[in-house]
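Reading through the structure tokens given below for one structure.
The values are calculated or read from the model by the stated rules, or taken from the named source; none is laboratory data. Bear in mind the structure is a predicted one, so any value in this text is a computation, not a measurement. Methodologically, a virtual Cβ is constructed for each residue, glycine included, from the backbone with ideal geometry; neighbour enumeration extends over all protein chains shown.
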Amino acid sequence: MKKGRFWITPDPYHNDDNIQIGREVKISCQVEATPPEELIFSWLKNGRPLRSSERMVITQTDPDVAPGTTNLDIIDLKFTDFGTYTCVASLKNGGIPEISIDVNISSTTVPPNLTVPREKSPLVTQEGDTVDLQCLVSGKPKPIILWSRSDKEAPMPDGNMLSESYDGVLRIVNVSREMTGTYRCQTSQYNGFNVKPREATVELIVQCK
């Protein structure tokens with residue numbers, strides 16, 4: 001099994017980015033395993049086992065999601081539902097340590113926001129320098145940031161099309177003039193809110209020495 005990830009859908013039936021009392025909240029948990037059919041999931045709330053009920057609906061075989069995914073739907077959210085929900089994944093035949101993922105739902109759980117400091121774009125540097133592109137990300141939980149080139153056919157400096165950042169910073173070592181251009185940062189739905197991605201751009205200008 002590989003490390004799992006989660007995402008929170010504030011309300012699958014309304015176009016709203018915030019968690020609201022009286023609405024539905026869906027917590028999804030995904031773990032990669034081979035074969036995924038061997039995965040067994042269980043849920044805890046504040047460390048205590050949680051069973052599926054009319055208001056707490058647990059599903060593991062949703063045809064609309066990828067294999068290895070379990071959902072917890074909290075219907076008609078109440079203040080008493082706030083707490084830490086833990087998704088625990090294990091294999092039927094055992095032999096491999098289980099994976100647990102904690103997701104906190106509270107009044108301070110808020111969707112992400114993304115900005116670029118005014119002095120950080122455009123960013124002018126010289127060939128051979130090390131430069132940090134920065135997007136400020138907030139939100140609880142704080143999402144992973146995905147970096148890419150605005151020119152979708154141009155790879156990132158490391159050769160990949162996407163780069164992940166947990167603090168919103170993309171460090172480029174030994175920059176070259178070919179790296180001049182616009183870089184896009186956007187929020188990932190993983191380990192955060194399953195809402196429309198927040199995006200921002202940083203302009204990088206690399207000059208000859």
Quiz prompt | P12 being in contact with a helix residue (DSSP H, G or I) (Cβ under 6 Å, 6 or more places away or on another chain) and either in contact (Cβ under 8 Å) with a residue 24 or more places away in the chain or assigned to a loop (DSSP other than H, G, I, E, B) (or both) | solution = no
Quiz item: Restricting the search to segment 148-165, which residues are part of a loop (DSSP other than H, G, I, E, B) and out of contact with any Pro (no Cβ under 9 Å at 6 or more places or on another chain)?
Solution: S150, D151, K152, E153, A154, P155, M156, P157, D158, G159, N160, L162
Practice problem: Among the numbered conditions (1) of a type in the set (D, E); (2) surrounded by 12 or more Cβ atoms within 10 Å (Cβ to Cβ); (3) assigned to a loop (DSSP other than H, G, I, E, B), tell me where E54 comes up short. | Solution: (2)
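With the requirement that a residue be of a type in the set (S, T, N, Q), over 16 Å from V110 (Cα atoms) and not in a strand (DSSP E or B), what does segment 15-45 give you?
T34, the sole residue that qualifies.
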Practice problem: Restrict the check to segment 91-98 and report whether at least one residue is surrounded by fewer than 18 Cβ atoms within 10 Å (Cβ to Cβ) and modelled with pLDDT of 90 or more. | Solution: no
Self-check item: Scope segment 180-200; condition surrounded by fewer than 16 Cβ atoms within 10 Å (Cβ to Cβ) and either among the small types (G, A, S) or part of a strand (DSSP E or B) (or both); matching residues
Solution: G181, T182, E199
